[in-house]
Amino acid sequence: MYLDSTGHNDEQSILNELTLAGRFNNAEVIGRNDGKKGGHHDVKLFDFASLTAATNGFSTQNKLGEGGFGPVFKGVLPEGQEIAVKRLSKNSEQGLEEFKNELILIAKLQHMNLVRLLGCCLKKDERILIYEYMPNKSLDKFIFDPARRESLDWTTCYKIIEGIAQGLSYLHTYSRLPIIHRDLKPGNILLDIDMNPRISDFGMARIFDRDVSEIHTRKSAGTYGYMSPEYWLKGNFSEKSDVYSFGVILIEIVSGKKNSNLFNSEEYHMNLVGYAWKLWKERRTRDMIDSTLKDHESSRPQILRCIHVGLLCVQDKPMNRPTMSNVIQMIANEAMPLPDPKKPVAYFTGQNLNELNSSGRKEECYSVNGVTISEMEPR
């Protein structure tokens, strides 16, 4: 199953490149399982032929989806383990950067709410990442599909919300390397067989110095609708950017609607976040609750509290947003008083929408502890 000696020089050169590119002294996680006694490495190198067999030749029947990185296939290893195989598109410069990023950043992250990287393949011109397989696929397939959403009761929704919060809190505060995800959205939240959430897709993620409150970039990279206003307007991001994304997801889970939807008022077109705040101001927050959850009368206080927390997360100024550790306390402790949320940047006129659509940036260069990092095009 693992790498043989064929093509070793080519693969070793890639490993050396990744080690040099580590930049934050964490590239030691990239290793080689050579079968020697006592040798332990966190990332296994898989043989390309084994992955071809596991995915039935990367057949369309095994294809799970496709993103900016490339297609993802379901595979089954000889011992019966199911895997997700993420194959880099050969012409994707963005994908190559994401490939290196995921290897360098997440190989040593271990948390029950993060998807686990099993290994990679560096065979000739192939760049492949292998993950544990998540049978329920991604969160967006549930919350935005009317048929599948019927299977989401509030207990499951709350478990998903809490799990995402725990995973983000680990990334920001408790992992060895503090990490900002930068592309948190329902499509990047995978669900295991028991509907536990796993944060995935760390291609855009960045390590940050705990002494640095904010990083500036001249180009945004992420998904509109989930990017914080300071990020897509000014190119500034921090852990509070992830908090904003979490707040959007929380409101989407409770409402069953996408933030990209526009809601009309007398003066404005507004997105879901703006609509949620408007209903909160009018003391009509319960109107945000999806019809599949409205029968959960006993859970209504907890549901309304989660909407309130979501609105705190999407406030305009990053300093006003809670940390993810605070969020966990807020949703778990119903006796904990919550401040009133301030109005989010979520009201769009035609001019605002044109500005948003034209806000893409062409390049990025920023420094953390003297290290310069280049970025990819936004997606």
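Values in this text are rule-based calculations from the coordinates and carry no lab data. Values in this document were obtained by computation on a predicted structure and should not be read as measured data. As a convention, Cβ positions derive from the backbone with ideal geometry for all residues, glycine included, and neighbour counts pool all protein chains shown.
Among 240, 141, what is the fewest-to-most ranking by other Cβ atoms within 10 Å?
Lowest to highest Cβ neighbour count: 141, 240.
Given R₀ = 35 Å, FRET efficiency for residue 151-residue 66 by Cβ-Cβ distance, to 0.05?
0.85
Simple spin-label model, 7 Å along Cα-to-Cβ: residue 294 to residue 258 in nm?
2.3 nm
If neighbour count is taken as other Cβ atoms inside 10 Å, put 227, 195, 319 in order from fewest to most.
Going from least to most buried by this count: 319, 195, 227.
What does the extension gain come out to for residue 79 and residue 284, with contour length at 0.36 nm per residue minus their alpha carbon separation?
Gain on extension, residue 79 to residue 284, equals 68.4 nm.
Do the alpha carbons of any pairs in 258/281; 90/317; 108/294; 90/240; 44/240; 137/240 sit beyond 31 Å of each other, and which pairs?
From the list (258/281; 90/317; 108/294; 90/240; 44/240; 137/240), the Cα-Cα distance tops 31 Å for 90/317; 108/294; 90/240; 44/240.
Would you mind ranking 181, 296 by Cβ crowding within 10 Å, fewest neighbours first?
296, 181
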